[in-house]
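Reviewing the structure listed below.
The values are calculated or read from the model by the stated rules, or taken from the named source; none is laboratory data. Treat the numbers as computed from the prediction; the structure is a model and nothing was measured. Here the Cβ positions follow ideal geometry from the backbone for every residue, glycine too, while neighbour counts run over all protein chains shown. Accessible surface is based on the protein model in full, side chains and every heavy atom, while ligands, DNA and RNA are left aside. Shrake-Rupley method; radii C 1.70, N 1.55, O 1.52, S 1.80 Å.
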Amino acid sequence: MKNDIIRFIPLGGQAEMGKSMYCLEINEKIYIIDSGFRFPDIDKLGVDVIIPSFQYLEERKDKVVAIIITHGHDDAMAALPYLLRSINAPVYAPNLTADLIERMIDHYERHNRIKLNMNLIRVKRNASLDIKGVLVEFFPLTHSIPGSVGVALWTSYGYIVYSGEFIIDFGAPEGFRCDIQKMMEIGKKGVLALLVESSNAYKEGYTSPNHKLTSKIDQLFEDSDNRIIISSYAQNVFRTKEIVELTKKYNRKIVFYGRDKHDITNSILRIGKKMREPVIKIENTFVGDKDKIGNPRYDKDYVILLSGSPRRIYRDICDILDGGDDLLKLRKDDTFIVASPVLPGTEKIANKAHNGLFKTDAKITLLKNKDLPSMHASIEDIKVIIQIFNPQYYIPVKGEYQHFIANKNIAMDMGIKEDNIVIIDNGERISFENGILVQGRDIFEVEDVMIDGSGIGDVGEKVIDDRVRLANDGVIIIGVTISRETKEIVAQTDCQTRGFVYLKDSQYLINQIVQICESCVSLLAENPDMDVNEVRMIMKDQSMKYISRETGKRPVFIPVIIEI
């Protein structure tokens, strides 16, 4: 019997929400599962998204044999274009996810004016494939986007199973349904280790049916005699389908008003039209004309779906409220339903949008986060998965540390020994030899990589710190002009501030800063061999001490010495 050497290392997704990336190594072959990004915390000013560090993989690029994407959400696939810039391996994905990947890669290539070498291999949701000598089993899952899968990789000691993101909902519509039978077949053959998502592991019961939107807004549809405007995230296609079904039920017309043409709702609907079985089936009689929005004669029975990313959707609402949208203006008899939960990093813009809506004459219904539970596994969902797969080892993934502890407690309740439950962080590599977990871990540094515009990793903590200081305390730029020959000051020193203090009331501060800097520059005349950069540092150090003492502020301070 072959004795496989198995290693597992997460590069993202651990002790954080999003940015999933897990690497399974079987006999020197690396299988990457998911490659996503996450949105930055509110203090990461100017940063667009954060992706995993690929250094570990770049140092072992010849060992990477497959990249497996389990579903079409940003936290699972949106770092793929960046990964493909340095790792050349085939990408395996179910059909719908593959369609979304193609659109994402095309958009990335055109936006960045580069060409990526992608070998995209489409797989059925219940496929069994041999990938470089390892049997890889796919199994369908129920999640908020259709086509989601989990994966199981066979080793000589049983499967390594990655549960993906899921809930147990036996009433899920076609395309969203899980395949319990396929999971049970995998479980019967033996599971060495099971990786299960953790973000909802503290929530009692099953996630279903509380995740459904219909029961929360059906009465609003029935009571409304005019337009209905509803916001819902593009990536939650399950909710989009519910809204479409309510539109049909009340004989209305829906308009997909996602202003970002690359958002997933619009992409899936475009893709669906080319499929034999569309993802969301909508007859033309139930589709409104976007150009007729604003004309009460035509749009009175419209359902206007505002879709988009978590950041984009609230900006669009604010734009509508401010009159920046040429078509959509709120009217007195409108019903506006906010069905987009407030996610980390969107609190400020979401609060602005909520307050703005309540200032209008429209009928506003604001669904709180507790009313809109995400389609992730709760306690009973996780118990079902553990029972099906009955693993020897259990690894909580996807979530904060507190979620891992909650997930661990569920596993212990299901009879898994505490010593066989492994909680690991990004960059910690565990190994299995002879089917037994090796004590001790290899530690690799996997810092976050911040994407700022088209820059990849150009922004470090020092840049972020400067941005925070600029936002909080402003900037001071002081220019001292000296003679190249004598090093004496030959012009009036200029001091400019932005966002620091109101100049009219604080002229004494500016005068004192000028005096400090001129005193420092005079050292050059006294010591001609002194380095100009050294004097600039003295200017900054002494000025900042004075500013901090007088104001308690820490502005960005830029000293300039001009030689003429």
Looking only at strands (runs of 3 or more DSSP E) that lie completely in segment 96-162, which have at least 2 residues being in contact (Cβ under 8 Å) with a residue 60 or more places away in the chain? 134-140, 149-155, 158-162
What about residue 138, is it open to solvent by 10 Å² or more (accessible area, probe 1.4 Å) and aromatic (Phe, Trp, Tyr)? no
Among the numbered conditions (1) touching a strand residue (DSSP E or B) at 6+ places or on another chain (Cβ under 6 Å); (2) in contact (Cβ under 8 Å) with a residue 40 or more places away in the chain; (3) part of a loop (DSSP other than H, G, I, E, B), tell me where residue 416 comes up short. (2)
I need the full set of residues from segment 185-207 which are open to solvent by less than 60 Å² (accessible area, probe 1.4 Å), closer than 17 Å to residue 387 by Cβ and part of a loop (DSSP other than H, G, I, E, B), in order please. 190, 201, 205, 207
Going by what's in this entry, would residue 298 be described as more than 20 Å from residue 364 (Cα to Cα) and among the hydroxyl-bearing types (Ser, Thr, Tyr)? yes
Any helices (runs of 4 or more DSSP H) falling wholly within segment 337-413 and containing at least 3 residues that are of a type outside the set (Val, Ile, Thr) and surrounded by 20 or more Cβ atoms within 10 Å (Cβ to Cβ): 347-358, 401-413
Could we say that residue 514 is farther than 25 Å from residue 564 by Cα, crowded, with 16+ Cβ neighbours inside 10 Å and under 47 Å from the mean Cα position of the chain (by Cα) here? no
Select from segment 161-175 the residues that are open to solvent by 10 Å² or more (accessible area, probe 1.4 Å) and not acidic (Asp, Glu) and list them in ascending order. 168, 170, 171, 173, 175
What's the number of the condition residue 86 fails, among (1) in a loop (DSSP other than H, G, I, E, B); (2) open to solvent by 10 Å² or more (accessible area, probe 1.4 Å); (3) at pLDDT 95 or above; (4) not charged (D, E, K, R)? (3)
Segment 531-558 residues that are among the polar types (S, T, N, Q), paired with ones that are open to solvent by 20 Å² or more (accessible area, probe 1.4 Å) (beta carbon under 6 Å, 6 or more apart): 542/516; 543/516
Is there any pair linking a residue in segment 346-368 that is over 14 Å from residue 312 (Cα atoms) to one that is among the polar types (S, T, N, Q), with Cβ under 8 Å and at least six apart or on different chains, and which? 362/335; 363/224; 363/335; 365/335
Counting only strands (runs of 3 or more DSSP E) wholly inside segment 5-74, the ones holding at least 3 residues that are under 23 Å from the mean Cα position of the chain (by Cα) and under 29 Å from residue 178 (Cα atoms) are 6-12, 21-26, 29-33, 64-68
Which residue is most open to solvent (accessible area, probe 1.4 Å), if the candidates are limited to segment 267-292 and must be modelled with pLDDT under 60 and not in a loop (DSSP other than H, G, I, E, B)? 270
Taking residue 178 and the conditions (1) open to solvent by 20 Å² or more (accessible area, probe 1.4 Å); (2) over 27 Å from residue 12 (Cα atoms), which numbered condition does it fall short on, given that it satisfies the others? (2)
May I ask you to list the residues in segment 251-266 that are of a type in the set (A, V, I, L, M, F, W, C) and either over 26 Å from residue 319 (Cα atoms) or modelled with pLDDT of 60 or more (or both)? 254, 255, 256
Where residues in segment 294-330 are assigned to a loop (DSSP other than H, G, I, E, B) and closer than 15 Å to residue 231 by Cβ, which of them is farthest from the chain's Cα centre (by Cα)? 330
